[in-house]
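Here the structure is laid out as structure tokens; the discussion comes afterwards.
The values are calculated or read from the model by the stated rules, or taken from the named source; none is laboratory data. This one's a predicted model, so the numbers in the text were calculated from it and none came from an experiment. Cβ placement follows ideal geometry from the backbone for every residue including glycine, while neighbour counts extend to all protein chains displayed. Ligands, DNA and RNA are excluded from the accessible area calculation, which covers all protein heavy atoms including side chains. Shrake-Rupley method; radii C 1.70, N 1.55, O 1.52, S 1.80 Å.
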Amino acid sequence: MGATIFKIFDEVLSESCNGIMYRCDDSDGRECSRELQFDRWYETYNTDEKIDRFAQNFCDENACDKYYVLVDKGCFNYEEIFESFNYRCKECNN
């Protein structure tokens, strides 16, 4: 399953040069398990290290959620995606 997911990620990210944002769902209390599984897939199937991943916590008065972005390191807009997610979005948490 992980190999298929990363094959799709690789194709979509390379063709579109956009990031893919995701969050591990916690509606059933299994967010940590999902996060660990995705981390294992990332390490196992991103062998060419072509896909980069960033994470940020977004909080409101009720809870904090961790969001991730995947992006192809070779895309022309890699720096813009990196900056937008990692720097501009820090303002969302203030």
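For the stretch 57-69, putting each phi into the Karplus relation 6.51 cos²θ - 1.76 cosθ + 1.60 with θ = phi - 60° gives couplings of 8, 10, 10, 10, 5, 9, 6, 10, 10, 9, 10, 10, 10 Hz, in residue order, rounded to whole numbers and with x for Gly and Pro. For the chain, the fraction of 1.4 Å probe accessible surface lying on carbon and sulfur atoms is 48 percent. Listed values for the stretch 32-40 are Karplus-derived 3J(HN,Hα) couplings in whole Hz (6.51 cos²θ - 1.76 cosθ + 1.60, θ = phi - 60°), namely 4, 5, 5, 5, 4, 4, 5, 4, 5, and x replaces Gly and Pro. In the context of the full protein assembly, Cys32 retains an accessible surface of approximately 100 Å², using a probe radius of 1.4 Å and ignoring ligands and nucleic acids.
Evaluating 6.51 cos²θ - 1.76 cosθ + 1.60 at θ = phi - 60° for every residue in the stretch 8-19, the Karplus couplings come out as 5, 4, 4, 5, 5, 5, 5, 6, 9, 6, 10, x Hz, glycine and proline recorded as x. Taking all protein chains together and rolling a 1.4 Å probe, Arg34 ends up with roughly 80 Å² accessible.
Probing with 1.4 Å while keeping every protein chain in the model, the per residue accessible area of the chain equals 66 Å². In summary, the chain shows an alpha-carbon radius of gyration equal to 1.13 times the 2.2 N^0.38 Å reference for compact globular proteins. Computed from label points 7 Å out along Cα-Cβ, the spacing between Lys50 and Glu83 is 2.6 nm. For the chain, lysine pairs with C-alpha atoms less than 22 angstrom apart, excluding pairs fewer than eight positions apart on the same chain, total 5.
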